[in-house]
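Chemist: Handing you this structure, nothing more for now.
Only the coordinates and a few stated rules stand behind these numbers; no lab work does. These numbers come from a predicted model, not from an experiment. Here Cβ is always computed from backbone atoms with ideal geometry, including for glycine, and neighbour counts include all displayed protein chains.
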Amino acid sequence: MYRARAAFTLVEILIVVIILGILAAIVVPRLSDVTTISRETNLKENLSKIRVHIQVYRAEHNQFPTAADFGRQLTKPTNFAGEVASARDADHRFGPYLEQMPANPITNVAAVRAAASPGQVFPPGDVDGGWFFNETTGAFYADLTASHTDREGGPYSRY
């Protein structure tokens, strides 16, 4: 008498494994592309928000933040002259413009490298860092080398 089998054959298991492998080959590259898109979007949003806050600071103080105190001037209360205080008071009534300086999503560095030369618009691009700020022109960019490029091949430091 023939008994009904209760297990899968080797061929059936092999077919399922092959199908799962094909699906994984299709899905995995798309998931890794999502991470890149997310970082690019986050970088663009951070740049946009910080640039807006730099302009608000300029409107309220009649000058750009200084290179020496950039992070503190945007994250702490300031007076008209740009002097920083730990808490808001009658004299230090402007800001804070940002809760904290965000990290560059490409390098995870929040440090700001600054320049005072009006001709230095983009970061030099020899060292990866966080952000680049020009206190004379108000230019604000990602401080990255030209090797960091977006999906179209454009350098992030030119966003």
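Chemist: Any chance you could list P(r) for region 23-108, counting all Cα-Cα pairs in 5 angstrom bins from zero, rounded to whole %?
Modeler: P(r) over region 23-108, rounded to whole percents: 3, 14, 20, 17, 12, 9, 7, 5, 4, 4, 2, 1, 0.
Chemist: Where does the charge balance sit around V109 when Lys and Arg score +1, Asp and Glu -1, over other residues with C-beta under 9 Å from its C-beta?
Modeler: -2
Chemist: On to the next question. In whole Å, what three semi-axes, largest first, describe the equivalent ellipsoid of region 10-158 built from its Cα gyration tensor (square root of 5 times each eigenvalue)?
Modeler: 44, 18, 10
Chemist: Specify the angular offset, from 0 to 90 degrees and rounded to the nearest 10, of the alpha carbon long axis of helix 10-61 from the longest principal axis of the alpha carbons in the chain.
Modeler: Helix 10-61 sits at roughly 10 degrees to that axis.
Chemist: Still on this structure: Using per-residue counts of other Cβ atoms within 10 Å, averaged over each peptide, order 67-80, 26-39 from highest down.
Modeler: Going by the mean number of other Cβ atoms within 10 Å, highest first, we get 67-80, 26-39.
Chemist: Next up: Would you please give the residues with an amide H less than 5 Å from that of Y159, counting only those at least 5 places away or on a separate chain, with H modeled from the backbone geometry?
Modeler: Long-range HN contacts for Y159: A142.
Chemist: Remind me, relative contact order of the chain in percent, using alpha carbon pairs under 8 angstrom and six or more residues apart?
Modeler: Relative contact order, the chain: 16 percent.
Chemist: While we're here: Provide L144, L98 in ascending order of the number of other Cβ atoms located within 10 Å of each residue's Cβ, fewest first.
Modeler: Least to most surrounded, the residues fall as L98, L144.
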